[in-house]
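This report concerns only the one structure given below.
What follows is calculated from the coordinates using simple rules that are stated; it is not laboratory data. Everything numeric in this text was worked out from a predicted model, so none of it was measured. Backbone-built Cβ (ideal geometry, glycine too); neighbour counts: all protein chains shown.
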Amino acid sequence: MDDKLIVGGREFGSRFFLGTGKFGDKEAMRKAIASSGSELVTVALRRIDLDETDESILSFIPGGTTIMVNTSGARNAAEAVRIAHIAREAGYGDWIKIEVISDSRYLLPDNQETIKATKTLSGEGFVVLPYMHPDLYVAKALVDAGAAAVMPLGSLIGSNQGLKMRTLIEVLIEEIIEVPIVVDAGIGRPSHAAEAMEMGADAVLANTAVADAEDPPLMAAAFARGVEAGRMAYLAKMGKERREAAASSPLTGFLYDE
Amino acid sequence: MMSKSLSGIDLLHLTIDDIRRIFSVDDRGLLEEMAHAARELTRRQFGRTISLYAPLYIANYCENECVYCGFHASQKSMPRSKLTMEQIDKECAALAATGNRSVLILTGESRFHSSPQYIRDAVRIAARYFSYVALEVYPLDEEEYSELYLAGVDGVTLYQETYDRARYDELHLAGPKKVYDYRITAPDRIARAGIRHISMGALLGLTDWRRDVIALFEHVRSLERKYPGVEFGLAFPRLRRVADDIHRYQEVSDRDMLKIMCSARLFFPRVGISISTRELPQFRDRIIEFGVTKMSAGSSTRVGGYLEGENKYEDGQFEVFDPRSFDEVKAMLRSKGFDPVVTDWRNIVNS
């Protein structure tokens, strides 16, 4: 099936993105990336030892994988920008996932600061993927600010609750056609990932659900297939769900009875 | 996740009243359920990772008379010293060479011997060796905290010791620490100064631990609402010597500790919980499953302890009960399916 995802001018065969936090061992993380076929992973700059010892998280990421540094720890736009600069100077590329969080209990993204950071960094040539609370006006502002994709949260980070934001994400999918929509956060099962893709999301990012599984590589593969199945169903244009059984003799049939 | 416990307490939506109930009963079934819920929640929030850090004592001059502490002012047999900046540099280098990237700098309370300027200069040095620099020093003014933040401080640890005002007065015989209010308002000043991590706790055993833990939880919860951008941490140090009739210390059992840890995790899903080398290895290795996110490793509690090498566990502020090296603790964590996290912060104020 020739169905490539294009983000920031780069082509991706897999629509499953994987976060690298929370794994109990880095070897399992490496295997999970490999078994899922994911071509884009996120890494928190705060977890990268700039001295790059053998245990550095980067040495466990297969070659050819796009590494997107996230700004975990940033509380405002200025801090997110600074983290992106450090990442670029340290040689970790130009792909940045903006996470601006100034509430440590729920880890909800600060949409206003996220727009500011997106604007600054995309102006500096970064490929910017902002993590956001699904709000249409904010999504439009992010597109205007130069975002390469928009990443609405499915539900609270790490909650495994799935698509609690479903209705709002559907609005984004319907209205934001300039850039891909990547559902991020709260995706707890492969079926949640499939559901997001069936709705028409362009990609799904997961982390906790894979890292926390007894067998992370197997779970990562399951997620990749969930994403694939959902995407295929979307392309195949599923029949709509109906509230009632479709009557075999239509209600308006009498109009045509002669 | 199952959240309704046997006794009808909704473990995932605990209230302070629920915690009071939990602390007042001895219910093995309930504790088992709490342990399961706390473990699952910790894994979901933090994954199978534990961050490592080590304390660095740079001075032990102290003007306080805290009856429970080995550093107190009238303890004349305690050799007093403070490191020069050159020595601090060497200590940092020695500690960093073990692989550690996260340091907690400690001093006694003496504005004369370990002034805010002295601490600030030490922080500047440490920031060159470590990706995360925290402080455990006497409470300061907001402006002083701001200066330390700009010098590279990522976190501050400050324990209230006890929230029982009368008992606090009784245990702190003399010295600047005697002023309860200046200490209890310090987290507000730290937060307003922009410092991101504030670790709080009570020294369990000074009085009824139930009351202190409840007061601590209420304090942290109110601060969370006031300063949502701050990441709060909790620690539950307990007194080791309780056979002391004069001071009427109270024992905190391992079972109590587990109850406290699990309640903390369930009440504060995202809060970091640390456990020091004051606990025995066998207890540390077990309790990490139920909410702990940070532990000290390869610790010396002696001024200049990392360079001296020998006798480093004697004469410290408190005895180190877990003498394992940094690498040994990492190996233990791996054997239990945890990834020991050495780097989990990047100071962006100074970079």
Review point. Amide H of A:N70: which non-local residues (sequence gap of 5 or more, or other chain) have their own amide H closer than 5 Å, using H built in the peptide plane?
Key: A:V43, A:A44, A:L45, A:K97
Check your understanding: Karplus couplings for region B:54-70 from phi (6.51 cos²θ - 1.76 cosθ + 1.60, θ = phi - 60°), rounded to Hz, Gly and Pro as x?
Key -> 9, x, 9, 7, 9, 7, 10, 5, 8, 9, 8, 10, 9, 5, 9, 10, x
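Using helices alone, I'd like the mean residue ellipticity at 222 nm for chain B: each DSSP H run of four-plus residues gives -39500 (n - 2.57), total over residue count, nearest 500. Intermediate results must be reported in sequence, preceding the final value.
Numbers: 13 runs with 137 residues, N = 351.
Per the formula, -11500 deg cm²/dmol.
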Practice item. Note down the nm distance, to one decimal, between modelled labels 7 Å out along Cα→Cβ at B:E32 and at A:A90. Key: 4.5
**Study point:** Acute angle (nearest 10 degrees) that the helix B:116-129 long axis makes with the longest principal axis of chain B, alpha-carbon atoms
**Key:** 80
Practice item. Net charge near A:L108: determine it from the other residues with C-beta under 13 Å of the C-beta of A:L108, scoring Lys and Arg +1 and Asp and Glu -1. Key: -2
Check your understanding: Short version: ³J(HN,Hα) in whole Hz for each residue of region A:5-21, in order, from phi by Karplus 6.51 cos²θ - 1.76 cosθ + 1.60 (θ = phi - 60°), x for Gly and Pro, what are they?
Key -> 9, 10, 10, x, x, 9, 9, 10, x, 9, 9, 10, 9, 10, x, 9, x
Exercise for review: When a/c is below 1.5 the answer is rounded, else prolate if a/b is larger than b/c, else oblate, so apply that to region B:1-70 with a ≥ b ≥ c taken from the square roots of the Cα gyration tensor eigenvalues.
Suggested key: oblate
Point to revise | Cβ charges +1 (Lys, Arg) and -1 (Asp, Glu), total dipole of region A:108-258, debye | key: 80
Study note, to complete from the structure: Amide H neighbours of A:L40 at under 5 Å, excluding residues fewer than 5 places away on the same chain, with H built from the backbone geometry, are A:L18, A:T66
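May I ask for the net charge around B:D141, where only other residues with Cβ less than 15 Å from the Cβ of B:D141 are counted and Lys, Arg are +1 while Asp, Glu are -1?
Numbers: positive: B:R111, B:R120, B:R183, B:R189, B:R192; negative: B:E109, B:E142, B:E143, B:E144, B:E147, B:D181, B:D188.
Net of charged neighbours comes to -2.
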Review point. Counting Lys and Arg as +1 and Asp and Glu as -1, what is the net charge of the other residues whose Cβ lies under 12 Å from the Cβ of B:L158?
Key: -1
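Quick check on chain A: helices-only [θ] at 222 nm, where DSSP H runs of length 4 and up contribute -39,500 (n - 2.57) each and the sum goes over total residues. Nearest 500, please.
Details: 8 runs with 90 residues, N = 258.
Rounded to the nearest 500, the figure is -10500 deg cm²/dmol.
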Study note, to complete from the structure: HN-Hα couplings for region A:106-123 via Karplus (6.51, -1.76, 1.60; θ = phi - 60°), in whole Hz with x for Gly/Pro, come out as 10, 6, 7, x, 8, 4, 5, 5, 5, 4, 4, 5, 4, 4, 4, 6, 5, x
Study note, to complete from the structure: Checked against the positive end of the charge dipole of chain A (+1 on Cβ of Lys and Arg, -1 on Cβ of Asp and Glu, about the Cα centre), the farthest of A:M199, A:L108, A:G154 is A:L108
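Beta carbons within 10 angstrom, averaged per residue: use that to sort the peptides B:250-258, B:63-71, B:297-305, B:154-162, highest first.
Numbers: B:250-258: 16.0, B:63-71: 18.2, B:297-305: 24.6, B:154-162: 22.6.
Put in order of decreasing packing, that is B:297-305, B:154-162, B:63-71, B:250-258.
Which of rounded, prolate, oblate describes region B:33-105, given a ≥ b ≥ c as roots of the alpha-carbon gyration tensor eigenvalues and a/c under 1.5 marking rounded, otherwise prolate only if a/b is larger than b/c? Please report the intermediate quantities before stating the final value.
Details: a/c = 4.83, a/b = 1.59, b/c = 3.04.
Oblate, because a/c is 1.5 or more while a/b does not exceed b/c.
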Check your understanding: If each of A:M232 and B:L280 carries a label point 7 Å out from its Cα toward its Cβ, how far apart are those two points in nm?
Key -> 5.8
Check your understanding: Which angle between 0 and 90 degrees, to the nearest 10, do you get for helix B:28-46 versus the longest principal axis of chain B when only C-alpha atoms count?
Key -> 60
Exercise for review: Along Cα→Cβ, 7 Å out, is where each label goes; now give me the distance between the ones at B:E251 and B:A93 in nm to one decimal.
Suggested key: 4.8
**Study point:** Amide H within-cut-off set for B:L104, under 5 Å, with H built and near neighbours excluded
**Key:** B:A54, B:L56, B:A134
Exercise for review: On a 0 to 90° scale, report how tilted helix A:26-36 is relative to the longest principal axis of chain A, with both axes built from alpha carbons and the result rounded to the nearest 10.
Suggested key: 30
